[in-house]
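Below is one structure, written out as structure tokens; the observations come after it.
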Amino acid sequence: MPDRGTHGVDLVVPVKGLARAKTRLADVAVDPVERAALALAFALDTLSAATLAAGVRQVLVVTSDPAVVEEVAALGVESTPDPGAGLNPAVQAGADVLRRRDPTATIGVLHADLPALRPTELSSAITAARGRRAFCADRPGTGTTLLLTTPGGALNPRLGVGSAQAHEATGAVPLTGAWPSLRSDVDTGEDLAHATTLGLGRHSAVLVTSTR
């Protein structure tokens, strides 16, 4: 395990209810139960990588899905309830929990659908931020997979369609490293095929093999 010390980034990872997850993966998994299992596997692999990344102090999942709560607890990851008002309010709720614990912390939000995430790439992106409010865009360059605050600063999430441009417009610095696994979030079958070429985490790899 990395040495976390008293510093490092505190990450919020929102995970929505599995019954509503990954509808755009219907070309890969027709059965909603299979899609829910994939969404959970993606989240568990994302969390497993994040908890191993140097520069990450703690991870907090925001979810109200009992199955997610149970599975992330088995990984040793804490969760807090989703207020149910959408993605950005969920992220902000998690950030508020972390900010109350440490008013000077650097807080970030990491998407939960990064099944190929490598801890070293997440660590490199955090280092590249150099304490600035910064974000990492997804592979197409329009979405956001990681958003970081300044120490003690506001997260001000603008996740959703066009979030990369929205975050840059609010003053966040784009992080330009390659980091393919950090940029490869999975929403579609094509996304999953690409992530598979990078090497999926163990939870996702088992399910993807079984659906072929």
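The values are calculated or read from the model by the stated rules, or taken from the named source; none is laboratory data. In this text the structure is predicted, and so the values were computed from the model without any measurement. Every residue, glycine as well, gets a Cβ built from its backbone with ideal geometry; the counts of neighbours run over all protein chains shown.
Limited to the range 163-207, what total is found for residues that are more than 18 Å from the chain's Cα centre (by Cα), of a type in the set (A, V, I, L, M) and exposed (fewer than 15 other Cβ atoms within 10 Å of the Cβ)?
3
When the residues of the range 164-212 are filtered to those that are hydroxyl-bearing (Ser, Thr, Tyr) and assigned to a helix (DSSP H, G or I), which remaining residue is modelled with the lowest pLDDT?
Among them, the one singled out is THR211.
What number of residues within the range 68-86 are on the phi < 0 side of the Ramachandran plot and modelled with pLDDT under 95?
1
For the range 64-119, enumerate the residues that are farther than 22 Å from ALA53 by Cα and buried (at least 19 other Cβ atoms within 10 Å of the Cβ).
The answer is ASP65, ASP82, ALA90, GLN92, ALA93.
Select, from LEU38, LEU18, LEU44, the only residue that is among the aliphatic types (A, V, I, L, M), surrounded by 15 or more Cβ atoms within 10 Å (Cβ to Cβ) and either at pLDDT 95 or above or touching a Gly at 6+ places or on another chain (Cβ under 7 Å) (or both).
The conditions single out LEU44.
Filter the range 21-35 down to the residues that are basic (Lys, Arg) and either out of contact with any Leu (no Cβ under 9 Å at 6 or more places or on another chain) or assigned to a helix (DSSP H, G or I) (or both), then identify the one that is modelled with the highest pLDDT.
ARG35
Would the range 146-162 turn up any residue that is crowded, with 18+ Cβ neighbours inside 10 Å and in a helix (DSSP H, G or I)?
Taking every residue of the range 146-162 in turn, none turns out to be crowded, with 18+ Cβ neighbours inside 10 Å and in a helix (DSSP H, G or I).
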